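Peer 1: Dropping a structure here in structure tokens format, bear with me for questions.
The values are calculated or read from the model by the stated rules, or taken from the named source; none is laboratory data. Note that the structure is predicted; figures quoted are calculated from it, not measured. Cβ placement follows ideal geometry from the backbone for every residue including glycine, while neighbour counts extend to all protein chains displayed. Each accessible area value is taken on the protein alone, full model and side chains, heavy atoms only, with ligands, DNA and RNA left out. Shrake-Rupley method; radii C 1.70, N 1.55, O 1.52, S 1.80 Å.
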Amino acid sequence: MLNTVWQENVFVKTRYMLQQRIKKTFSKLSQVQQNSLSFDIAWRISKYMVDKDKIEGLIATYNDVKVLKALRNKVLKAKALAREDFENKTEYVETDNEPIISSILLRINNGKFKSTSKVIKSQNIINLFLDEYEDVFLRHFQDITDDDLKKKIKGLKTLKKHLLALIIWHTAKSMVDNGIITEISTSGNKYNLKDENGKPYEVSNEMAAKIFDIVSVLDFDMKMLDKDMHEYRIPNKQKDKKEFVRTRLNQNSKVINLNYEELINEYDGLIY
């Protein structure tokens, strides 16, 4: 429910920003057309705007789950070896074998301060720590497989890299739906932009530059490499804006078929 409320708030804010920019970019459109376009774009992209700052955190979380799984496997192996070691002993034979897990090192990173380390050495506390760890893992992460993790992390990295391409594509699609982009493509459906009748649409240089201007209000990194200056900067010429947008429209194929809802979800109350 809180996420729904947050998305509604982001939708309102996004629509307002788009509305102001569209009034300038498409000043010849009627107010009704401007409002319709800003509403449609905001409606399409608000969920991405809500989630865009969480993707990096999700990647980090799933990487941590990989570490937890690896640690659990080591713990289980150590327990099995300890059990085997115990079962091989008799009351008449003493052994000087060291415990399988003799200590646990905890490192705490205090923000920008130097990390501090603490060591747990007593066998009673080590066993308690391992038992509690096992319980936490079984309650929250036992059902997620190595293959699940691999797919999630790969998909989220792709989504993070090409999220702006997804935003740009949805902006272009809204412009098709609202009759702003009208040029029919004669070279196939390279941008996957079609109307309800299946007609493929082309994005002219002028429209590509206008898409850039609209999306630029959404707080994404819009810099591109200036080949003459050998530095990254925000495009200010139509030809550079056109190149920027068309590059992203081509990249959209990498993310348009991702299962977004599956990638951005809540895992047992701990993730997201």
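Peer 1: Mind counting the residues in the range 137-166 that are outside any helix (DSSP H, G or I), open to solvent by less than 80 Å² (accessible area, probe 1.4 Å) and free of Cβ contacts under 8 Å to residues at least 24 places away in the same chain?
Peer 2: Final tally of qualifying residues: 1.
Peer 1: Please go through the range 232-257 and give me each residue that is assigned to a helix (DSSP H, G or I), surrounded by 14 or more Cβ atoms within 10 Å (Cβ to Cβ) and more than 23 Å from the chain's Cα centre (by Cα), ordered by number.
Peer 2: Passing the criteria: GLN238, ASP240, LYS241, LYS242, GLU243.
Peer 1: Additional query: When residues of the range 105-136 are filtered for being assigned to a helix (DSSP H, G or I) and more than 20 Å from TYR62 (Cα to Cα), how many remain?
Peer 2: To start, the set of residues in the range 105-136 that are assigned to a helix (DSSP H, G or I) comprises 123-136.
Now narrow it down to the ones that are more than 20 Å from TYR62 (Cα to Cα): 123-132.
Result for the range 105-136: 10.
Peer 1: Right, something else. Would you mind finding the one in ASN205, ASN197, ASN178, ASN192 that is among the polar types (S, T, N, Q), open to solvent by 30 Å² or more (accessible area, probe 1.4 Å), in contact (Cβ under 8 Å) with a residue 40 or more places away in the chain and more than 14 Å from ILE22 (Cα to Cα)?
Peer 2: Working: ASN205 fails: in contact (Cβ under 8 Å) with a residue 40 or more places away in the chain; ASN197 fails: in contact (Cβ under 8 Å) with a residue 40 or more places away in the chain; ASN178 fails: more than 14 Å from ILE22 (Cα to Cα).
Exactly one of ASN205, ASN197, ASN178, ASN192 is among the polar types (S, T, N, Q), open to solvent by 30 Å² or more (accessible area, probe 1.4 Å), in contact (Cβ under 8 Å) with a residue 40 or more places away in the chain and more than 14 Å from ILE22 (Cα to Cα), namely ASN192.
Peer 1: Using beta carbons and a limit of 9 Å, which pairs, at least six apart or on different chains, have the first residue in the range 22-47 and without any contact (Cβ under 8 Å) to a residue 60 or more places away in the chain and the second one loosely packed, with under 15 Cβ neighbours inside 10 Å and in a loop (DSSP other than H, G, I, E, B)?
Peer 2: Short answer, once both residue conditions are applied: GLN34/SER27.
Peer 1: Under 7 Å between Cβ atoms, at least 6 apart or on separate chains: pull out the pairs that start in the range 213-242 with a residue that is in contact (Cβ under 8 Å) with a residue 40 or more places away in the chain and within 23 Å of TRP169 (Cβ to Cβ) and end on any residue that is charged (D, E, K, R) and open to solvent by 30 Å² or more (accessible area, probe 1.4 Å).
Peer 2: Here the result reads ASP213/ARG21; ILE214/ARG21; VAL217/ARG21, each pair linking the range 213-242 to a residue that is charged (D, E, K, R) and open to solvent by 30 Å² or more (accessible area, probe 1.4 Å).
Peer 1: Go through (1) touching a residue at least 60 places away in the same chain (Cβ under 8 Å); (2) touching a Phe, Trp or Tyr at 6+ places or on another chain (Cβ under 9 Å); (3) over 20 Å from ILE264 (Cα atoms); (4) assigned to a helix (DSSP H, G or I) one by one and return the number of the condition THR171 breaks.
Peer 2: Of (1) touching a residue at least 60 places away in the same chain (Cβ under 8 Å); (2) touching a Phe, Trp or Tyr at 6+ places or on another chain (Cβ under 9 Å); (3) over 20 Å from ILE264 (Cα atoms); (4) assigned to a helix (DSSP H, G or I), only one is false for THR171: (2).
Peer 1: Here's something else I'd like to know. Return the residue satisfying two criteria in turn: it lies in the range 103-136 and is small (Gly, Ala, Ser) and under 31 Å from the mean Cα position of the chain (by Cα), and of such residues it is surrounded by the fewest Cβ atoms within 10 Å (Cβ to Cβ).
Peer 2: Looking only at the range 103-136, we keep the residues that are small (Gly, Ala, Ser), and these are 103, 111, 115, 117, 122.
Cutting the leftovers down to under 31 Å from the mean Cα position of the chain (by Cα) gives us 111, 115.
Values: GLY111: 4, SER115: 8.
Among residues in the range 103-136 that are small (Gly, Ala, Ser) and under 31 Å from the mean Cα position of the chain (by Cα), the one surrounded by the fewest Cβ atoms within 10 Å (Cβ to Cβ) is GLY111.
Peer 1: Taking GLU261 as meeting all but one of (1) of a type in the set (Asp, Glu); (2) at pLDDT 85 or above; (3) under 23 Å from PHE11 (Cβ atoms), write down the number of the exception.
Peer 2: (2)
Peer 1: Output the residue which, of all residues in the range 209-231 that are farther than 18 Å from THR25 by Cα and over 25 Å from the mean Cα position of the chain (by Cα), is modelled with the highest pLDDT.
Peer 2: If we filter the range 209-231 for residues that are farther than 18 Å from THR25 by Cα, which is where we start, we get 220-221, 223-231.
So of that shortlist, the ones also over 25 Å from the mean Cα position of the chain (by Cα) come out as 226-231.
Details: ASP226: 80, LYS227: 76, ASP228: 74, MET229: 72, HIS230: 77, GLU231: 84.
Per the stated criteria, the residue is GLU231.
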